[in-house]
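Asks: A single structure is presented below for examination.
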Amino acid sequence: MKARFKTSVMLIENIKSIRMKRNMTYKVLLLLITFFSLFNCSKDEFVPGDLEVNDFVWTGLNAYYRWQGEISDLSDRRFSTREQLNTYLAGFDEPNTIFQSLLYRPIDIDSVSTLHEDFNILEEQLKGVILTTGMEFEIVNFRDNSENVFAFVSYVHPNSSASRNGVTRGMIFTAVNDTPLTRANYRGLLLNNPTGYSITLADNYNNGNPMITPASPTTTPAVIDLVAETISPDPVAINKTFTEGTTKIGYLLYNEFNNEFLNELNIAFANFRTEAIDELIVDLRYTSNGSIEAVNILASLIAGQLKGEVLASEVWNNKVNTNRSTQLLETLITDILPNRNPLNALNLTKVYFLTSNKTASASEVLINGLASHIDVHTIGENTKGVYNAFSVLYDSENYKKFEINPSHNYALLPNVATVLNKDAINSRITASQTLAEDYGNLGELGERTDPILDFAIDNIINSTTSDVPSEFRRHGNSKENYVTNEVLLTPLK
């Protein structure tokens with residue numbers, strides 16, 4: 001009897017186990033069916049050839065757009081049949097028209113998501129290939145608050161038209177193609193001119209109201225002709241060491257978080273290790289874009305002792321958040337490059353960043369992420385406060401670059417997530433020491449003639465303080481013309 005009873009109990013337990021496994025299997029199958037119905041809702045149904053691109057735009061945004069839940073036409077309940085969706089798609093003559101119609105508040109919230117006709121061109125741009133005169137500049141209002149604006153040169157790319165023609169940091173110009181710059185025309189003259197232009201230099205800063213000395217028989221305004229060219233600049237622009245008494249201070253000017261130059265970044269930190277630096281200054285005043293991978297590599301080079309700690313956490317739309325593990329949406333400090341080579345990490349517990357109100361996106365994710373772990377000082381101006389992540393979507397079953405629809409080359413670059421640090425914080429970063437740039441005296445990057453770098457070194461050595469905010473309003477800059485401006489690129493999840 002005992003044996004039979006024991007056997008019966010075992011049988012019942014086995015039956016329960018089988019039922020539980022079946023229930024789990026059914027739940028998993030139901031979850032998978034729901035998942036694929038949400039993320040590939042029209043892939044296996046008939047789509048007329050002339051609607052394929054419009055369908056890709058809709059389904060891609062329906063699957064991954066950060067504000068999918070806020071756009072009624074992207075709702076999973078908006079269309080009950082393929083025929084209804086096709087009828088809707090047919091109402092848009094151009095793919096960009098339907099794309100723009102599905103963006104969330106494109107004027108003030110999402111003005112950066114883009115649709116591209118050729119993903120090959122987009123991929124080159126995301127690698128850092130740009131069409132430029134080589135002159136990076138900022139647009140600033142006159143001190144007298146007139147409609148006039150002036151541009152100051154913040155950086156000149158080596159081996160570019162600007163560098164060959166003698167343009168240097170700190171130059172100020174007030175006219176383009178002989179036309180005085182104003183708030184209304186500077187974009188048309190500077191940002192929407194793909195071939196190049198001429199600039200007329202001001203020779204008198206005039207306390208923030210730059211002027212050109214009136215022409216005379218012996219003087220004429222200095223005019224420089226610039227031609228736009230395609231270049232791929234190294235973002236690791238300057239790395240050097242300053243020795244102040246017994247203290248060695250490393251300085252890195254980093255202009256873009258670019259995956260194509262991670263080895264160069266690692267070499268720069270090898271130099272810092274060789275120099276045995278005590279402190280590090282990272283100049284991000286003009287850096288507003290790049291990839292989350294490059295952000296993580298730089299963070300890991302600065303503070304390698306944090307290996308395995310969370311640098312950043314991404315919050316996608318509800319559909320992605322529900323169907324992805326927390327770990328998949330996190331970026332962890334590492335000790336190796338993507339090619340598996342070891343990082344030349346410094347293992348610092350303190351770092352200094354030079355910032356401006358153009359410091360955004362990738363730069364802010366780095367600063368904000370490290371601030372949860374080590375002592376972070378920011379010198380310059382408050383950052384912009386942009387924590388948007390973007391992914392490239394291709395027209396394929398899983399929107400990745402595999403078995404792409406051969407009938408077109410369109411790709412989406414939508415805003416897919418916001419990025420937090422390990423404490424679930426992302427906000428505009430307030431400068432620890434406020435020191436606005438003096439447009440009449442910018443100095444040379446990487447030298448103590450640069451007033452902000454000079455102050456940073458003095459702050460490290462002597463604990464000096466500063467509270468000098470800007471008296472000017474910046475209206476724009478040269479990077480507005482780049483598709484990568486303020487874009488933090490993250491892999492599709």
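Asks: Output the Kirkwood hydrodynamic radius of the range 350-493, Cα pairs only, in Å rounded to one decimal.
Replies: 17.5
Asks: Quick check: the distance between the Cα centres of the range 433-493 and the range 325-382, to the nearest angstrom?
Replies: Comparing the Cα centres of the range 433-493 and the range 325-382, I get a distance of 17 Å.
Asks: Tell me the volume per residue, in Å³, of the convex hull enclosing the alpha carbons of the range 236-489.
Replies: 138
Asks: As a footprinting exposure proxy, order H373, H157, H475 by other Cβ within 10 Å, with the fewest listed first.
Replies: Fewest to most other Cβ atoms nearby, the residues stand as H475, H373, H157.
Asks: For R78, R474, what ranking results if the residue with the fewest other Cβ atoms within 10 Å of its Cβ goes first?
Replies: Starting with the residue having the fewest Cβ neighbours, the order is R78, R474.
Asks: Where does helix 262-275 land angle-wise versus the long Cα axis of the chain, in degrees 0 to 90, nearest 10?
Replies: Approximately 60 degrees, to the nearest ten.
Asks: Starting from the range 370-408, pick out the chymotrypsin sites (Phe, Trp or Tyr not before Pro) whose DSSP state is loop and whose Cβ has at most 15 other Cβ atoms within 10 Å.
Replies: Answer in residue order: F402.
Asks: Enter the angle in degrees (range 0 to 90, nearest 10) between the Cα long axis of helix 292-302 and the first principal axis of the Cα atoms of the chain, meaning the one along which they spread out most.
Replies: That helix lies at roughly 70 degrees to the long axis.
Asks: Still on this model: Against the empirical 2.2 N^0.38 Å scaling, what ratio does the C-alpha Rg of the chain come to?
Replies: 1.16
Asks: Mind grabbing the base-10 log of I(q)/I(0) for the range 114-256 at q = 0.11, 0.16, 0.20 Å⁻¹? Debye formula, identical points on the C-alpha positions, no solvent, two decimal places.
Replies: -0.53, -0.95, -1.22
Asks: On to the next question. I'm checking a number: the convex hull volume of the Cα atoms of the range 262-335, normalised per residue, in Å³. What is it?
Replies: 112
Asks: Of all DSSP beta bridges located in the chain, what percent are antiparallel, nearest 5?
Replies: 70
Asks: Just round it to a whole percent: the fraction of Cα-Cα distances in the range 49-111 exceeding 13 Å.
Replies: Of the Cα pairs, 61 percent sit more than 13 Å apart.
Asks: Also, quick follow-up: List the residues of the range 404-428 whose backbone N lies under 18 Å from a point placed 7 Å from the Cα of N318 along the Cα-to-Cβ direction.
Replies: Once the point is set 7 Å along Cα→Cβ of N318, 416-418 turn out to lie under 18 Å by backbone N, inside the range 404-428.
Asks: How high is the relative contact order of the range 236-489, given as a whole-number percent (alpha carbon pairs under 8 Å, six or more residues apart)?
Replies: RCO, the range 236-489: 20 percent.
Asks: What distance in nm lies between label points placed 7 Å from Cα along the C-beta direction at V129 and R273?
Replies: Between V129 and R273, the label points sit 3.3 nm apart.
Asks: Grab the DSSP H runs of the chain that are 4 residues or longer, score each as -39,500 (n - 2.57), total them, divide by all residues and round the 222 nm result to the nearest 500 deg cm²/dmol.
Replies: The per-residue figure over the chain is -8000 deg cm²/dmol.
Asks: What is the order of V223, V376, fewest Cβ neighbours within 10 Å to most?
Replies: Ranking V223, V376 by Cβ neighbours within 10 Å, fewest first, gives V223, V376.
Asks: Run a plain Debye calculation on the range 325-417 (Cα atoms as equal point scatterers, no solvent) and give log10 I(q)/I(0) at q = 0.13, 0.21, 0.23 Å⁻¹, rounded to two decimals, same order as the q list.
Replies: Relative scattering, expressed as log10 I(q)/I(0), comes to -0.70, -1.14, -1.20.
Asks: Going by alpha carbons, how many degrees (0 to 90, nearest 10) lie between the helix axis of 2-39 and the longest principal axis of the chain?
Replies: The angle comes out near 40 degrees.
Asks: How high is the relative contact order of the chain? Use alpha-carbon pairs under 8 Å, at least six apart in sequence, and give a whole percent.
Replies: Worked out over the chain, it gives 16 percent.
Here, each number is a calculation from the coordinates, and none is a lab measurement. Computed from a predicted model, the values in this text were never measured in an experiment. Please note: Cβ atoms are built from the backbone with ideal geometry, for glycine as well, and neighbour counts cover all protein chains shown.
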